[in-house]
1. Could you give the angle, 0 to 90 degrees to the nearest 10, between helix 23-35's Cα long axis and the longest principal axis of the Cα atoms of the chain?
2. Between 51, 100, 181, find the one with the highest GNM mean-square fluctuation for the chain; connect C-alpha pairs within less than 10 Å.
3. With a Förster radius of 22 Å, plug the Cβ-Cβ distance of residue 112 and residue 189 into 1/(1 + (r/R0)^6) and report the FRET value to the nearest 0.05.
4. Could you list 149, 161 so that the one with the fewest beta carbons within 10 Å of its beta carbon is first and the one with the most is last?
5. With bins 10 Å wide starting at 0, give me the P(r) of the chain over every alpha carbon pair, in whole percents.
6. On a 0 to 90° scale, report how tilted helix 3-15 is relative to the longest principal axis of the chain, with both axes built from alpha carbons and the result rounded to the nearest 10.
7. Enter the angle in degrees (range 0 to 90, nearest 10) between the Cα long axis of helix 41-57 and the first principal axis of the Cα atoms of the chain, meaning the one along which they spread out most.
8. Just how far, in whole angstrom, is region 111-185 from region 1-52 if you go by their alpha carbon centroids?
Amino acid sequence: MDGKGYLERLIADRLAPRGGFDLHEVRGIARGLEAAGALSHADGERILADLEATMRSLGMLRTRRVSGSATSEPALFTRAAGRERPEWQEAVEQPPIPELRAVRALAGTTLEAGPFRLEFTSLERWSTLLVLRYAYQAAPREGLFRTGYRWTARDDAATHYLVGSGGGSGLHGWMFEHSVLRPAPLPGATTLTVTLSNKDTSASAVLPLP
């Protein structure tokens, strides 16, 4: 796995929807890639330094120098100075419009978790994300997310996805929903493992990527 390329692309993808970026999460992903041997420590430090420099230039990060006096305000202690990345600045200032690349029909693929039996309908591959569509029988007030269920997802190229609910609607006793997975898969990824779980149960399905 190209950990350096993956981390750089993940940063660009997550910077695009400005406001939901978690710097601490990205640091954790970098450390995980280092632990797995997919990213050198030097490359990880350089990428994180460049990220902090880029975020400061965009007004997304403020560095405050702390004296010896106690303070209750949060402080950021930065590593060696990095350089601003134009491609990351562009991801914030001019986020790319996703382009649909392929759709995989999933009719006949199901997943059972607790009282729910999901019928997967399709998996869409966009240039910057995936969209998973599914349906299940339930009353609107008894849907997956109202009962504490959440999705996680990873693929066979070791990409772990940020999963968000894209919403849905109900009709004739069925709930039709979709979830948005970010970032887009790396080249070479062929399968997506999705897991639906709450505090009591967990179930997974392996889906072919478009």
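Values in this text are rule-based calculations from the coordinates and carry no lab data. Values in this document were obtained by computation on a predicted structure and should not be read as measured data. As a convention, Cβ positions derive from the backbone with ideal geometry for all residues, glycine included, and neighbour counts pool all protein chains shown.
1. For helix 23-35, the angle is close to 90 degrees.
2. 100
3. On the way: r = 25 Å, r/R0 = 1.16.
Calculated transfer efficiency: 0.30.
4. Details: 149 19, 161 23.
So the ranking, lowest neighbour count to highest, is 149, 161.
5. P(r) over the chain, rounded to whole percents: 7, 29, 30, 21, 10, 2, 0.
6. Result, in degrees: 80.
7. That helix lies at roughly 90 degrees to the long axis.
8. 26 Å
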